[in-house]
Amino acid sequence: MAADPRVRINWFAATWRLPMLVWQFLFFVVPLLFLVYLSFWLVRNYRMVPGFDTVNWVKMFAKGYFWDAYYFTFGMALLATVVTSCLAFPCAYALSFKLSETARRWAIFFLIIPFFTSYLVRIYAWQVLLAENGVINAALAVIGAGPYALLNTKLGTVIGYLTLTLPLVVILQTLSLASIDRNLIEAAHNLGCGRLRTVFTVIVPLAKVGLIIGAVFCFILSFGDFVSPYYLGGSKPPTLSILIIDTTKSGQQWPRAAVVAVTMIATLLLVAFAAVSAAYRKRA
Amino acid sequence: MSSERAIAWFLRAYVGLVFCFVFAPIVSSFIFSFNSDRFPTIPLGEFTLHWYETIYNDPDVWDALRVSVISAVSVSLIATFIGFCTAYTDYRYRFFGKNAYLALALLPPTIPLVIMGLAMLAWLSRIGMSGHLYSIMIAHVVLCTPFAMAVIRLRLAQMDPSLEAAAWNLGAGEWRTMREVILPFTAPAIVSALCLTAAVSFDEFAVAWFVSGLNKTIPVIILEVLQGQVDPQINAIGTFVFITSMTLVVIAQVLLMTRQRKGVPGG
């Protein structure tokens, strides 16, 4: 830095630094803090009253349906994470090791597109495909199988979660697999290590961080999603996100919805923290 | 060797299967949008433009389109501006608390959208700003800025750091260097960020649903129709939405790819 920047910083540097700070403080940090505060408000005569009372927390945590929703949401998100990671891995493996650099770049190009393309409409499309007399059951009927109930089942929900997370997880896994030093894999082969054994003892440990980051994103997205469990899972039972929507939209019980939301954020923070420390544990 | 080939063949088929799964809903929406059956299945019914005519003649859809386009355009402009500022700050400066600064810049997409929606609704109603068109814009800028920042930061990483210093040494001030060196260099990424953030805003339904009040966007209309019955109109609206956002995302990516080709030999 040739000239002494300290003399002139102020206007130039501040111009670039402040916009994000101001905007994300006013419309990201403050709303989230306000949500925590809101969870301690009171509702009297169907009106919210500012206050500081733990009654919403006590009432929500005493309700059976809250814990049913909590365990169900957590369990489904965990299931989705395991299923997505396992299904994504062979694809990421093929993209990283079996395809040329150009083909890999194109594959990622096409996987990025759906990530930014209306998730809602894609779920609607699945609703049509999975219906009792939909395309999949009609196709199965041709070979004499079915009809199966696919909609309003856990399977439906998981298909929805896969639609949301699979492209992203494949991309993250591919990026981490592609950055593995090929010499290490070569060495394993030369030393007589079988193909599968190489995958599990060499490739997976080397790509651990990337695989875990992919899994964490999958968990976060599935845990917070309300579209798949509602439209493909039939909201039986409702997940935490659906609980938030029902509680918010049906009246002035926003403080209770805030309790659910804060519990969700706390859970996600714990999960992300546990996963990240697991990712970096042995490496230090 | 034959097992080697069998595995390679299997892996290729598997990649094909994954892509089929990922694109099946997009393709099926497209096909069913021209299909006459009310409950689409195979074999297909007759070819029709009926669903497109229905949405074309629906004033609600046009209102929603207006809201969506206004918010997507303004969100992309604001978010890209803020994203550029943040990316440049990260590229150029080191300062106390920079990690926290970057965390703040990149965290919003990791918060579940329903929670963002509730927090935004609660806060914006508290300060009397909920239920307007600008409420959607405010919330979407929060969600879109990280994408703009990431795209522009990638481009800045490819710039030769001595370029800026050279401009200063030749007597250009910081503002002039910004205008004549940094901005032209990052231009493709800026356009790319504009497209990407417009696509994110155009598709976002959860937060918009919470804060929009009566100003419904296209995805909010879709959400509300979905709560009723299966309605093939959605395939027609959906095909339109898919084509819009796919076009934006493809443009965004192509701009980033040409950047790589030009960037590598120079940097």
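With respect to (1) away from chain B (no Cβ under 11 Å); (2) under 18 Å from residue A:233 (Cα atoms), the lone exception for residue A:160 is condition (1). If a residue must be within 12 Å of residue A:32 (Cα to Cα) and β-branched (Val, Ile, Thr), how many such residues does the stretch B:100-113 contain? Residues flagged as within 12 Å of residue A:32 (Cα to Cα) and β-branched (Val, Ile, Thr) within the stretch B:100-113 amount to 1. Please specify each residue of the stretch A:105-137 satisfying the condition of being charged (D, E, K, R) and surrounded by fewer than 21 Cβ atoms within 10 Å (Cβ to Cβ). Scanning the stretch A:105-137 gives A:105, A:132.
For the stretch A:220-248, how many residues are among the polar types (S, T, N, Q), surrounded by fewer than 23 Cβ atoms within 10 Å (Cβ to Cβ) and touching a residue at least 24 places away in the same chain (Cβ under 8 Å)?
Kept after step one, since they are among the polar types (S, T, N, Q), are these residues of the stretch A:220-248: A:222, A:228, A:235, A:239, A:241, A:247-248.
Keeping just the survivors that are surrounded by fewer than 23 Cβ atoms within 10 Å (Cβ to Cβ) gives A:235, A:247-248.
Of the ones still in play, those that are also touching a residue at least 24 places away in the same chain (Cβ under 8 Å) are none.
Residues flagged as among the polar types (S, T, N, Q), surrounded by fewer than 23 Cβ atoms within 10 Å (Cβ to Cβ) and touching a residue at least 24 places away in the same chain (Cβ under 8 Å) within the stretch A:220-248 amount to 0.
Candidates in the stretch B:212-245 are the residues that are at the interface with chain A (Cβ under 10 Å from one of its Cβ atoms) and not in a helix (DSSP H, G or I); of these, the one that is nearest to residue B:144 (Cα to Cα) is B:227. Looking at residue B:148, is it surrounded by fewer than 19 Cβ atoms within 10 Å (Cβ to Cβ) and more than 8 Å from chain A (Cβ to nearest Cβ)? No, not satisfied. The set of residues in the stretch B:39-57 being polar (S, T, N, Q) and either in contact (Cβ under 8 Å) with a residue 24 or more places away in the chain or in contact with a Lys or Arg (Cβ under 7 Å, 6 or more places away or on another chain) (or both) consists of B:54 alone.
Each row is one residue, and each column tells you yes or no for (1) free of Cβ contacts under 8 Å to residues at least 60 places away in the same chain; (2) part of a helix (DSSP H, G or I); (3) within 30 Å of residue A:237 (Cα to Cα).
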position: A:113; (1), (2), (3): yes, yes, no
position: A:120; (1), (2), (3): no, yes, yes
position: A:125; (1), (2), (3): yes, yes, yes
position: A:136; (1), (2), (3): yes, yes, yes
position: A:140; (1), (2), (3): yes, yes, yes
position: A:144; (1), (2), (3): yes, no, no
position: A:149; (1), (2), (3): yes, no, yes
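Residue count for the stretch A:233-277, restricted to those that are within 11 Å of another protein chain (Cβ to nearest Cβ), under 18 Å from the mean Cα position of the chain (by Cα) and either outside any helix (DSSP H, G or I) or more than 13 Å from residue A:70 (Cα to Cα) (or both): 3.
For the stretch B:194-211, check the following and say yes or no: at least one residue is under 16 Å from the mean Cα position of the chain (by Cα) and not in a helix (DSSP H, G or I). Talk me through it step by step, then tell me what you get.
Taking the stretch B:194-211 and keeping what is under 16 Å from the mean Cα position of the chain (by Cα), we get B:194-208.
From what's left, not in a helix (DSSP H, G or I): B:204-205.
Yes; the residues of the stretch B:194-211 include at least one that is under 16 Å from the mean Cα position of the chain (by Cα) and not in a helix (DSSP H, G or I).
Checked against (1) crowded, with 21+ Cβ neighbours inside 10 Å; (2) more than 8 Å from chain B (Cβ to nearest Cβ); (3) under 25 Å from residue A:212 (Cα atoms), residue A:182 meets all criteria but (1). If the condition is being crowded, with 17+ Cβ neighbours inside 10 Å and over 19 Å from residue A:13 (Cα atoms), then the stretch B:160-188 contributes B:185, B:188. Just one of the listed residues (A:92, A:13, A:107) is of a type in the set (Gly, Ala, Ser), over 30 Å from the mean Cα position of the chain (by Cα) and on the phi < 0 side of the Ramachandran plot, namely A:13. Can you confirm whether residue B:130 is more than 9 Å from chain A (Cβ to nearest Cβ), in a loop (DSSP other than H, G, I, E, B), out of contact with any Lys or Arg (no Cβ under 6 Å at 6 or more places or on another chain) and crowded, with 18+ Cβ neighbours inside 10 Å? It is true that residue B:130 is more than 9 Å from chain A (Cβ to nearest Cβ), in a loop (DSSP other than H, G, I, E, B), out of contact with any Lys or Arg (no Cβ under 6 Å at 6 or more places or on another chain) and crowded, with 18+ Cβ neighbours inside 10 Å. The residues in the stretch B:25-59 that are within 30 Å of residue A:89 (Cα to Cα) and more than 7 Å from chain A (Cβ to nearest Cβ) can be counted, and the count is 2. Figure legend. Inter-residue proximity from the stretch A:39-64: first residues over 15 Å from residue A:251 (Cβ atoms), second residues aromatic (Phe, Trp, Tyr) and exposed (fewer than 12 other Cβ atoms within 10 Å of the Cβ), beta-carbon distance below 8 Å, spacing 6+ or different chains. Indicated pairs: A:40/A:52. Here residue B:114 clears all of (1) more than 28 Å from residue A:128 (Cα to Cα); (2) in a helix (DSSP H, G or I); (3) within 10 Å of chain A (Cβ to nearest Cβ) except the condition numbered (1).
The numbers here are math on the coordinates, done by the rules we state, and not lab data. Source: prediction; values computed, not measured. Neighbour counts run over all protein chains shown; Cβ positions are idealised from the backbone, glycine included.
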